[in-house]
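Participant: Structure provided below as structure tokens; questions to follow.
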């Protein structure tokens, strides 16, 4: 590639980065602006008198902390359930030989291809019959239904990349099937498990439609629906508090992604190699 080609490529890449990052930067600076600067014309990008009062009001005058705790519990529980089921399911699909194994794998993939909206009514009726309506448990079950198929297929590719000879050697040395799985397979799957867990956590943290339909109680609402019902009405939008809430909603994902980015990159690279 010539110098002009590299220059053009870098300019286009940085232009795309700026376009994508600008709304995030505007969200942060708006959360720091005092109320008097929010609707100033012409608008200024940087606040003249930065303030944290919007964050204080959000935590002290609204149930934001309750919604935040619900989202943490919901995303963590869903991730734990999905990882446990997907790891065992992927191990079964790759290591065991039984009739209908490939058909089962494609059936699981087919369920992931279905629009999630078609499952809302059956899931809602099922939760009502089970007595789980308006609870975090109902959302954990619902999120598992559409996160598990993708997680299973992702971990299946990682599992296929682990040499079977390692497990066979452990079995020859006297290890049980469970012991070989715990001591040999799981350490090899760590990048894939972290990648899958990060995907599931982000999906559960950001999901809105299921939370809107299945939960109508303030005590069980996650952040996505709680913030909307709390700060947006037919007659008014609390822009300052909404931007502060958006910043605090984004922080956990940014922190998690920053610490696990290396595992995520290695995980996707490992998942593309078999044998």
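Participant: Against the definition (touching a residue at least 60 places away in the same chain (Cβ under 8 Å) and under 19 Å from the mean Cα position of the chain (by Cα)), how does residue 219 come out, yes or no?
Facilitator: no
Participant: Ok, one more. Inside the range 131-149, can you point out the residues that are under 13 Å from residue 74 (Cβ atoms) and in contact (Cβ under 8 Å) with a residue 40 or more places away in the chain? I'd like the intermediate steps shown before the answer.
Facilitator: In the first step, residues of the range 131-149 are kept if they are under 13 Å from residue 74 (Cβ atoms); the result is 135-144, 147.
135, 136, 138, 139, 140, 142, 143, 144, 147 - these are the residues of the range 131-149 that are under 13 Å from residue 74 (Cβ atoms) and in contact (Cβ under 8 Å) with a residue 40 or more places away in the chain.
Participant: Name the residue, out of 214, 171, 251, 209, that is crowded, with 19+ Cβ neighbours inside 10 Å, in the same structural domain as residue 138 (by TED's automatic domain parsing) and on the phi < 0 side of the Ramachandran plot. Reasoning before the result, please.
Facilitator: Numbers: 171 fails: crowded, with 19+ Cβ neighbours inside 10 Å; 251 fails: crowded, with 19+ Cβ neighbours inside 10 Å; 209 fails: crowded, with 19+ Cβ neighbours inside 10 Å.
214 is the lone residue from the list that is crowded, with 19+ Cβ neighbours inside 10 Å, in the same structural domain as residue 138 (by TED's automatic domain parsing) and on the phi < 0 side of the Ramachandran plot.
Participant: Take the residues in the range 223-239 that are touching a helix residue (DSSP H, G or I) at 6+ places or on another chain (Cβ under 6 Å) and either part of a loop (DSSP other than H, G, I, E, B) or modelled with pLDDT under 85 (or both), then tell me which one is nearest to residue 62 (Cα to Cα).
Facilitator: Restricting attention to the range 223-239, the residues satisfying the condition of being touching a helix residue (DSSP H, G or I) at 6+ places or on another chain (Cβ under 6 Å) are 223-227, 231, 238.
Still in the running and either part of a loop (DSSP other than H, G, I, E, B) or modelled with pLDDT under 85 (or both): 231, 238.
Numbers: 231: 9, 238: 12 Å.
Filtering first and then ranking leaves 231.
Participant: Considering only helices (runs of 4 or more DSSP H) fully contained in the range 117-174, which possess at least 2 residues that are more than 24 Å from the chain's Cα centre (by Cα) and under 13 Å from residue 213 (Cα atoms)?
Facilitator: Details: elements: 120-130, 136-160, 164-172.
Answer list for the range 117-174: 120-130.
Participant: Scanning for something under 12 Å from residue 78 (Cβ atoms), in the same structural domain as residue 81 (by TED's automatic domain parsing) and modelled with pLDDT of 80 or more, does the range 150-163 turn up at least one residue? Even if it seems obvious, please write down each step before you answer.
Facilitator: Keep residues of the range 150-163 that are under 12 Å from residue 78 (Cβ atoms), which gives 151.
Of the ones still in play, those that are also in the same structural domain as residue 81 (by TED's automatic domain parsing) are 151.
If we keep only those that are modelled with pLDDT of 80 or more too, we end up with 151.
Scanning the range 150-163, I find at least one residue that is under 12 Å from residue 78 (Cβ atoms), in the same structural domain as residue 81 (by TED's automatic domain parsing) and modelled with pLDDT of 80 or more, so the answer is yes.
Participant: Continuing with this model, one more query. Just one of the numbered conditions (1) surrounded by fewer than 21 Cβ atoms within 10 Å (Cβ to Cβ); (2) over 27 Å from residue 71 (Cβ atoms) is not true of residue 133; which one?
Facilitator: If we test residue 133 against (1) surrounded by fewer than 21 Cβ atoms within 10 Å (Cβ to Cβ); (2) over 27 Å from residue 71 (Cβ atoms), just (2) comes out false.
Participant: Something else about it: Given the structure, is residue 220 touching a helix residue (DSSP H, G or I) at 6+ places or on another chain (Cβ under 6 Å) and part of a loop (DSSP other than H, G, I, E, B)? Spell out the reasoning first.
Facilitator: Values: touching a helix residue (DSSP H, G or I) at 6+ places or on another chain (Cβ under 6 Å): yes; part of a loop (DSSP other than H, G, I, E, B): yes.
Answer is yes for this residue.
Participant: Could I ask something else about it? Does the range 175-185 hold any residues that are part of a helix (DSSP H, G or I) and free of Cβ contacts under 8 Å to residues at least 12 places away in the same chain, and which are they? Break it down into steps so the answer makes sense when it comes.
Facilitator: Kept after step one, since they are part of a helix (DSSP H, G or I), are these residues of the range 175-185: 177-185.
Matches in the range 175-185: 177, 178, 179, 182.
The values are calculated or read from the model by the stated rules, or taken from the named source; none is laboratory data. These numbers were taken from a predicted model, which means no experiment stands behind them. Positions of Cβ are generated from backbone atoms using ideal geometry, with glycine treated the same way; all protein chains shown enter the neighbour counts.
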